[in-house]
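A short worksheet on the structure shown next.
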Amino acid sequence: MIYAKQGLYRYSRPTFKKNQRLAYVKHQPRIKAQTFKVVGTAQSTKGRTRYLLADGSYVTARANFVANLYWQGKDYQKLRVINPKGTYEYKQPTFNKTKRATYLKKGTVVKVKRLVRHGYMTRYQLTNGHYLTGNKQWVSVK
């Protein structure tokens with residue numbers, strides 16, 4: 001999963017031409033940025049890397065335009081909740097309503113024990129044994 005760091009176009013082919021533009025993705029702050037599921041990569045005729053999205057369109061893979069949606073670091077000590085609506089800690093790495101443990105308001109800082117991978121997503125196990133999302137739209141590294 002990736003998110004748009006700035007405005008960009010989605011294209012129908014990996015070699016970008018103006019007449020192959022499908023849609024413009026407007027720049028938004030990270031919390032509201034549009035997200036995409038990447039299903040593969042491709043190369044343009046000039047050798048530039050593109051991401052193939054789940055909807056069949058392509059976007060650039062340049063780091064100043066897109067970034068991973070989930071934190072990947074294993075050595076983070078603390079995470080801060082940045083989502084205005086807050087988030088929840090969960091009792092297990094599989095998140096659903098029945099496994100909610102504690103509600104965390106925006107600005108709350110929690111201590112991290114370890115990184116847990118759950119499919120293509122990352123979760124962080126906290127020192128109290130609960131789990132928190134690694135989604136950059138919900139938490140930030142302190």
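When G73 is tested against (1) outside the structural domain of Y11 (by TED's automatic domain parsing); (2) of a type outside the set (V, I, T); (3) surrounded by 15 or more Cβ atoms within 10 Å (Cβ to Cβ); (4) farther than 15 Å from M1 by Cβ, only condition (3) is not met. Here the condition is being farther than 29 Å from Q125 by Cβ and among the β-branched types (V, I, T); of T35, T60, it holds for T60 alone. When region 114-128 is examined, which residues are found to be among the charged types (D, E, K, R), in contact (Cβ under 8 Å) with a residue 12 or more places away in the chain and exposed (fewer than 15 other Cβ atoms within 10 Å of the Cβ)? Residue satisfying the conditions is R114 alone. Restricting T45, T15 to residues that are in a loop (DSSP other than H, G, I, E, B), out of contact with any Pro (no Cβ under 6 Å at 6 or more places or on another chain), of a type outside the set (K, R) and loosely packed, with under 12 Cβ neighbours inside 10 Å narrows the list to T45. With respect to (1) surrounded by 15 or more Cβ atoms within 10 Å (Cβ to Cβ); (2) under 30 Å from K106 (Cβ atoms); (3) touching a residue at least 40 places away in the same chain (Cβ under 8 Å); (4) of a type outside the set (F, W, Y), the lone exception for N64 is condition (1).
Under 17 Å from the mean Cα position of the chain (by Cα) and either over 11 Å from V139 (Cα atoms) or touching a residue at least 60 places away in the same chain (Cβ under 8 Å) (or both): is that true of Y103 in this structure? Here the answer is no, as Y103 does not meet what is asked. Residues in region 96-103: is at least one over 19 Å from Y3 (Cβ atoms) and assigned to a loop (DSSP other than H, G, I, E, B)? Yes, region 96-103 contains a residue that is over 19 Å from Y3 (Cβ atoms) and assigned to a loop (DSSP other than H, G, I, E, B).
The values are calculated or read from the model by the stated rules, or taken from the named source; none is laboratory data. For clarity, every value in this text was computed on a predicted model and none was experimentally measured. Virtual Cβ from ideal backbone geometry, glycine too; neighbours counted across all protein chains shown.
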